[in-house]
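Student: Before we start, here is the structure in question, set down as structure tokens.
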């Protein structure tokens with residue numbers, strides 16, 4: 001974890017903040033929950049009132065991102081950053097090359113694993129298994145097995161999701177050139193463009209708003225949040241974060257179950273009492 005020479009250095013860095021990025025599952029929300037806590041709501045509203053932009057950076061597709069009543073996010077980075085919007089403007093759009101999509105589906109078939117693919121509007125699957133079902137259940141969604149799966153393969157695919165253990169991860173990308181794994185759960189993975197990721201997307205959002213890296217902070221808990229935390233002036237790991245995430249973080253707050261973000265922002269004077 002990064003350390004600061006003195007309190008003034010930390011204070012100066014915090015005072016620069018103009019934009020905050022949040023992961024959803026395990027960060028904004030407890031795993032499996034659908035609503036933020038009253039303190040988290042208070043924190044988001046206070047940031048907005050103080051003129052600080054708030055953004056979601058998630059592995060979820062757009063259609064599974066929860067909307068919280070009364071909270072308007074300035075930017076949403078979906079599909080682990082493969083598709084980003086700021087207001088009604090598309091800031092980044094990076095689908096997986098079609099030849100890689102087809103190769104991944106072929107590899108998964110050899111592994112006897114069904115896959116779910118996400119376009120900008122739909123999520124469809126060619127089958128389902130327990131791991132994939134449980135993965136979708138975290139976001140309170142069901143696997144949508146579609147007879148039109150092959151038609152969707154020909155569209156822009158921004159993310160592929162499938163049940164996959166650590167051993168299977170070694171083989172799922174065989175024969176691909178421009179795809180990579182973004183994982184935050186032990187039994188399933190997201191596959192995104194090789195040039196994608198939350199960190200790359202944050203760079204594009206910062207350029208859109210003409211903010212510097214030093215004017216941004218981010219909160220995350222999963223290994224797919226590592227490049228996000230490294231792409232901002234100060235990346236904060238949740239108390240419940242994976243150890244690899246805590247190791248690279250500039251700071252660590254309390255866990256999501258203890259309203260870690262709220263109390264951290266409060267301690268740094270970024271939100272009102």
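Student: With angles folded into 0 to 90 degrees, how steeply does helix 98-110 sit against the dominant principal axis of the chain? Use alpha carbons for both and round to 10.
Tutor: The answer is roughly 70 degrees.
Student: Need the full-extension length gain, residue 45 to residue 68, defined as separation in residues times 0.36 nm minus the C-alpha distance. One decimal, nm.
Tutor: Result: 7.2 nm gained on full extension.
Student: Hey, what's the per residue convex hull volume over the C-alpha atoms of the chain, in cubic angstrom?
Tutor: Normalising the Cα hull of the chain by residue number yields 120 Å³.
Student: Over every pair of different alpha-carbon atoms in the stretch 98-193, take the mean of 1/r and invert it; report that Kirkwood radius in Å.
Tutor: Its Kirkwood hydrodynamic radius stands at 13.1 Å.
Student: Here's something else I'd like to know. Of the beta bridges DSSP finds with both residues in the stretch 98-193, what % are antiparallel, to the nearest 5?
Tutor: Of the beta bridges lying entirely in the stretch 98-193, close to 95 percent run antiparallel.
Student: Compute the distance from the alpha-carbon center of the stretch 239-273 to that of the stretch 111-174, in whole Å.
Tutor: After rounding, the separation between the Cα centres reads 32 Å.
Student: Would you please calculate the Kirkwood hydrodynamic radius of the stretch 120-273 over all C-alpha pairs and express it in Å, rounded to one decimal?
Tutor: Numbers: mean 1/r = 0.0570 Å⁻¹.
Computed over Cα pairs of the stretch 120-273, the Kirkwood hydrodynamic radius comes out at 17.6 Å.
Student: Any idea what angle helix 198-209 forms with the longest principal axis of the chain, computed on alpha-carbon atoms, 0 to 90 degrees, nearest 10?
Tutor: It is inclined by approximately 60 degrees.
Student: Now, a different point. Can you sort 60, 187, 110 so the residue with the fewest Cβ neighbours within 10 Å comes first? Don't skip to the end; give the middle numbers.
Tutor: Values: 60 24, 187 14, 110 10.
Fewest-to-most Cβ neighbours within 10 Å comes out as 110, 187, 60.
Student: Using DSSP, restrict attention to beta bridges with both residues in the chain and report what percent are antiparallel, rounded to the nearest 5.
Tutor: Working: 24 of 43 bridges.
DSSP beta bridges in the chain are roughly 55 percent antiparallel.
Student: Let me ask you something else. Could you list log10 I(q)/I(0) for the stretch 38-123 at q = 0.10, 0.20, 0.23 Å⁻¹, which the Debye formula gives when each Cα is one point scatterer?
Tutor: At q = 0.10, 0.20, 0.23 Å⁻¹ the computed log10 ratios are -0.36, -0.97, -1.16.
Here, each number is a calculation from the coordinates, and none is a lab measurement. Since we're looking at a predicted model, the values are computed, not measured. Note that we place each Cβ from the backbone using ideal geometry, even for glycine, and neighbour counts take in every protein chain shown.
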